[in-house]
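In what follows, a single structure is set out as structure tokens and then discussed.
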Amino acid sequence: MNDSAAATAASCDAAGDLAGRHVVLGLTGGIACYKAAELTRELAKAGATVQVVMTEAAEQFITAVTMQALSNRPVLTSQWDAREPNNMAHINLTRVADAVLVAPASADFIAKLAQGRADELLSLACLARPIERCALLVAPAMNREMWAHPATRRNVAQIAADGAVVLGPAAGDQACGEVGDGRMLEAHELRDELIAFFQPNVLAGRRVLVTAGPTYEPIDPVRGITNLSSGKMGFAIARAAAEAGAEVTLVAGPVALATPRGVRRVDVHTARQMHDAVLPLAPRHDVFVATAAVADWRPAQAAERKLKKADGHATPTIAMAENPDILADVARLPGAPYCVGFAAESHDLAKHAREKRERKGVPLIVGNIGPSTFGRDDNALLLVDAVGEREMPRGPKLALARALVREIAQRLPVKDPR
Ligand code: C5P
């Protein structure tokens, strides 16, 4: 998937994720101000209200008119703005905000934050914010040499130590023509970082391994056996686990989905490749969620050359061999992670899910109806564990994934602090 397709797909599923959140969006001087326009729209589409504050330098790059139109609120640019009844915009701003997001944050502005300087409205508001209630997120944007300079390294470390969350920067082409670290994250990435920031950290300190998507079992170099799994549920679970603070590894079959931010991805094709990738990783994880629709069988011998249709030749018969059961093998490991299996059924969901839980030797099976979930953005789940069953009614896969992550977190043994 290219960047814009990923962004489009990502923008569809964020609706409502920031509902009820009020964000102060601070712009400082830098060419990345052009991305702040899109960011404002993304935050608003996700349900947030956005109060824009711009420094004098930011106004050289984008106008307050543009930002007012997109945020639907007058933009604040001066601490002397007399529109505030008490004339204290720098105080009022953060008393009603859930977070201040400075994007772009210039090297100069980060230096100011590091020193606690407050000579214009945005830095004043950052310094005057109630630190325990209103988070400060900072998205640096600058030339790579400025980013690498020891002074900037020092300042970034200082603001992080003071509690700021530093988002990015990314590496790549820079407006100055150079290539390197210092690009501001894209608007949809910043939106997703903010959404993740507001999720409860129920998996902090945990490692989660997820399989997702179909497998592809080759018949010959141009043909193979696969299935209709889109990978969306598994990718949503990987994203939800990362949002909940876990370190996440995603082993994915062939799918055209963007990797969720902060998730380490390993791409495989066949069931045996998935097995070989997962088994050595599993013991280092606290949780294993097997959402992949793994092929039960593969052609016993993939032909080296394309099978040709020729007059007089019989239709080929393909001998099949059984694939390893990844979930069952992980569940049998000494010191196995907490294992969660999926059951995609067409009927008798609860019965099949209960049987599968016993057969695979896992504590939790999540049932869903295959034909009504494959490829879709929504799903309905049935959780089956030793205690009983629990339905999760139809909803967006990401919402269900977040709810499932909370259910898993509740079932984990308390982590040994050693
Ligand atoms: O055996 P069945 O395919 O019905 O079980 C589904 C569950 O087992 C899913 O969690 C799936 O990811 C996992 N599985 C696996 N390896 C296989 C087959 C299924 O990990 N070979």
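Go through region 316-325 and give me each residue that's within 16 Å of the ligand (Cβ to nearest atom) and in contact (Cβ under 8 Å) with a residue 40 or more places away in the chain.
ASN323, PRO324
Return yes when ARG264 is of a type outside the set (Ser, Thr, Tyr) and in contact (Cβ under 8 Å) with a residue 40 or more places away in the chain and no when it is not.
The answer is no for ARG264.
Taking region 331-343, which residues are within 16 Å of the ligand (Cβ to nearest atom) and either touching a residue at least 60 places away in the same chain (Cβ under 8 Å) or not hydrophobic (A, V, I, L, M, F, W, C) (or both)?
ARG332, PRO337, TYR338, VAL340, GLY341, PHE342
May I ask you to say which residue of ALA97, ALA105 is touching a strand residue (DSSP E or B) at 6+ places or on another chain (Cβ under 7 Å) and within 14 Å of LEU27 (Cα to Cα)?
ALA105
Residues in region 351-364: is at least one among the acidic types (Asp, Glu) and loosely packed, with under 14 Cβ neighbours inside 10 Å?
So far as region 351-364 goes, yes, one or more of its residues are among the acidic types (Asp, Glu) and loosely packed, with under 14 Cβ neighbours inside 10 Å.
Can you tell me how many residues within region 365-385 are away from the ligand (no atom under 11 Å from the Cβ) and either in contact (Cβ under 8 Å) with a residue 24 or more places away in the chain or surrounded by 21 or more Cβ atoms within 10 Å (Cβ to Cβ) (or both)?
Counting residues in region 365-385 that are away from the ligand (no atom under 11 Å from the Cβ) and either in contact (Cβ under 8 Å) with a residue 24 or more places away in the chain or surrounded by 21 or more Cβ atoms within 10 Å (Cβ to Cβ) (or both) gives 13.
Just wondering, is there one or more residues in region 401-413 that are under 21 Å from LEU228 (Cβ atoms), within 16 Å of the ligand (Cβ to nearest atom) and either acidic (Asp, Glu) or assigned to a strand (DSSP E or B) (or both)?
Within region 401-413, not a single residue is under 21 Å from LEU228 (Cβ atoms), within 16 Å of the ligand (Cβ to nearest atom) and either acidic (Asp, Glu) or assigned to a strand (DSSP E or B) (or both).
Of the residues ASP267, ASP276, which is within 16 Å of ILE326 (Cα to Cα), of a type in the set (D, E, K, R), out of contact with any Cys (no Cβ under 6 Å at 6 or more places or on another chain) and within 16 Å of the ligand (Cβ to nearest atom)?
ASP276
Which strands (runs of 3 or more DSSP E) sit wholly inside region 143-213 and have at least 1 residues that are polar (S, T, N, Q), within 17 Å of the chain's Cα centre (by Cα) and buried (at least 21 other Cβ atoms within 10 Å of the Cβ)?
Because the criterion is at least 1 residues that are polar (S, T, N, Q), within 17 Å of the chain's Cα centre (by Cα) and buried (at least 21 other Cβ atoms within 10 Å of the Cβ), the strands (runs of 3 or more DSSP E) in region 143-213 that meet it are 207-212.
When you go through (1) within 14 Å of the ligand (Cβ to nearest atom); (2) without any contact (Cβ under 8 Å) to a residue 12 or more places away in the chain one by one for ALA328, which number turns out not to apply?
(2)
If you take the residues of region 291-315 that are more than 28 Å from VAL210 (Cα to Cα) and surrounded by 13 or more Cβ atoms within 10 Å (Cβ to Cβ), which of them is nearest to the ligand (Cβ to nearest atom)?
If we take residues in region 291-315 being more than 28 Å from VAL210 (Cα to Cα) and surrounded by 13 or more Cβ atoms within 10 Å (Cβ to Cβ), then ALA303 is nearest to the ligand (Cβ to nearest atom).
Looking at LEU250, LEU257 in this structure, which one is farther than 23 Å from GLU345 by Cβ, buried (at least 17 other Cβ atoms within 10 Å of the Cβ) and within 15 Å of the ligand (Cβ to nearest atom)?
One residue alone meets the criteria, LEU250.
Values in this text are rule-based calculations from the coordinates and carry no lab data. Since the structure is predicted, the reported quantities are computational estimates derived from the model, not experimental observations. Note: ideal-geometry Cβ built from the backbone for every residue, glycine included; neighbour counts use all protein chains shown.
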